[in-house]
């Protein structure tokens, strides 16, 4: 890339920490339900979960796939960090699959106890 005097920032790379299963979208939905994530946070987390390891989605790509405005992505990402589902820093977004699966199991247990 030629140096035009501008600072170019690359989008953060997505990494999956832990093993994600075939039903990862459903696992994300269950975990989001337990911690009562807002719809936009659930959409962003689901989008990140569907991305391959090392993918660097531009804000335009995130908007096209989730409908989330470019200026809202960083706020929602901070919310996901606070919820403990992702780590963000150093140009990387790391999805913590063990944490997501633990929270999703809580939802399954709650449903099982309500059925009794």
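The values are calculated or read from the model by the stated rules, or taken from the named source; none is laboratory data. Model, not experiment: these values are computed from the prediction. Here the Cβ is made from the backbone with ideal geometry for all residues, glycine too, and neighbour counts use every protein chain on show.
Structural remarks
- Unique residue being under 30 Å from residue 109 (Cα atoms) and either touching a residue at least 60 places away in the same chain (Cβ under 8 Å) or out of contact with any helix residue (DSSP H, G or I) (no Cβ under 9 Å at 6 or more places or on another chain) (or both) when the list is 43, 33: 33
- Residue match in the stretch 1-19 (condition: modelled with pLDDT under 90, touching a strand residue (DSSP E or B) at 6+ places or on another chain (Cβ under 8 Å), at positive phi and part of a loop (DSSP other than H, G, I, E, B)): yes
- If you check 112, 72, 83 for being within 19 Å of residue 27 (Cβ to Cβ) and surrounded by 14 or more Cβ atoms within 10 Å (Cβ to Cβ), only one passes: 83.
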